[in-house]
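The values are calculated or read from the model by the stated rules, or taken from the named source; none is laboratory data. Source: prediction; values computed, not measured. Every residue, glycine as well, gets a Cβ built from its backbone with ideal geometry; the counts of neighbours run over all protein chains shown. For the accessible areas, the whole protein counts, side chains as well, though only heavy atoms, and no ligand, DNA or RNA atoms are used. Shrake-Rupley method; radii C 1.70, N 1.55, O 1.52, S 1.80 Å.
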Amino acid sequence: MRSVTYSMGVSLDGYIAGPDGDFRWTAPDEEVFRFATGEVRALGVHLMGRRLYETMLYWETADQDPSLDDPMREFAAIWKRLPKVVFSTTLPAVQGNARLAAGGLAEEIERLRAEPGEGPIAIGGATLAAEAAALDLIDEYRPRVYPVLVGGGIPFFPRRERRVDLELAESRTFDSRVVYLRYRVVR
């Protein structure tokens, strides 16, 4: 069965964006960017909410930008091919290799897990991830922890009154002091 993963850049105090919505501090250096590209390359499908979809829409046509370097061009090609499912009640349509979700999150994940296919099902965006976590649908948490305290904002982890036991499966420290952690949910 395909696993569901949640991977994003996060501040040491647990936020994916600061109180003002700024997340520029998550801009990866070359080493972290290569790592993230490899992570996306391994995915089977990416589920996201409207805000993340709109943020990532740039990558659908980024290959047309002559100033793009080779690693970014590679990421753009991988992202463009990756199937994406967008959860939105306000978007009438989506572009590229994306489709609007036909049902709820649990139903969509159940359907994707039942389909033949390889690679994890990635959840992107804190709101959608919080819903998936509340439904106990996330199998792995994969934060890239940045050495910054932002003091508030959008939390990486949902604020629920529920304990979830995790098992460390992998860790890596990059030259930039970013720490990657991959935890499996203990079931």
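Quick one: is Arg172 over 29 Å from Glu108 (Cβ atoms) and either surrounded by fewer than 17 Cβ atoms within 10 Å (Cβ to Cβ) or at pLDDT 95 or above (or both)?
Criteria met by Arg172.
Going by what's in this entry, would Phe75 be described as of a type in the set (A, V, I, L, M, F, W, C) and in contact (Cβ under 8 Å) with a residue 40 or more places away in the chain?
Yes.
I'd like the full set of residues that are modelled with pLDDT of 95 or more, among the charged types (D, E, K, R) and open to solvent by less than 40 Å² (accessible area, probe 1.4 Å), limited to segment 42-89.
Result: Lys84, single match.
Pairs, please: C-beta under 9 Å, at least 6 apart or cross-chain, first residue without any contact (Cβ under 8 Å) to a residue 60 or more places away in the chain and in segment 156-168, second of a type in the set (Asp, Glu) and assigned to a loop (DSSP other than H, G, I, E, B)?
Arg162/Asp136; Val164/Asp136
If we keep just the residues of segment 90-123 that are modelled with pLDDT of 95 or more and β-branched (Val, Ile, Thr), which is nearest to Gly49 (Cα to Cα)?
Ile123
Among the residues in segment 101-121, are any touching a residue at least 24 places away in the same chain (Cβ under 8 Å), part of a loop (DSSP other than H, G, I, E, B) and surrounded by fewer than 11 Cβ atoms within 10 Å (Cβ to Cβ)?
Among the residues of segment 101-121, at least one is touching a residue at least 24 places away in the same chain (Cβ under 8 Å), part of a loop (DSSP other than H, G, I, E, B) and surrounded by fewer than 11 Cβ atoms within 10 Å (Cβ to Cβ), which makes the answer yes.
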